[in-house]
Amino acid sequence: MAKVKSLAELKAMKEKLQSNIDLREKSDNPEAMIQIKVAMATCGIASGAKQVMEHMMEKAEELKLSVVFTQTGCMGYCHAEPTIEVKVPGKDPIVFGHVDNKKADEILEKYVINNELVDGIIPVNYEIIG
């Protein structure tokens, strides 16, 4: 993160962060938005999940995507951290592992925008009993 050099920069940063919070908290229909959950348990944080989340938030804004980002605890995939779950409206959620900034860009540009599968998907290994 860059050093804040003036009060105007600090105010601009506050407004940007507030608009992201407002989008998350005041959305009338969050299910209609892209939802990205970033695992932020100790193993995720140690593997760089915080930096990946910050990068993805900036990239999503650059791409003008309406995304709700949330932090979550352990997803149970410690061996594949950082892990993220991406839920595109109308589709089942997909969990990606070993996500770095480059993989995050690929997920947003290829999977979210162009509906193309990308490497790094962690397969679901259980069945939901209904």
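The values are calculated or read from the model by the stated rules, or taken from the named source; none is laboratory data. Given the structure is predicted, the values throughout are model-derived calculations rather than measurements. With ligands, DNA and RNA removed, areas are computed over all heavy atoms of the protein, side chains included. Shrake-Rupley method; radii C 1.70, N 1.55, O 1.52, S 1.80 Å.
Things to note:
- Kirkwood estimate for segment 38-79, i.e. one over the average of 1/r between Cα atoms, Å: 10.9 Å
- Heavy-atom accessible surface of segment 55-130: percent carbon and sulfur, 1.4 Å: 50 percent
- Accessible surface, per residue, of segment 32-74 when the full set of protein chains is kept, probe 1.4 Å, Å²: 51 Å²
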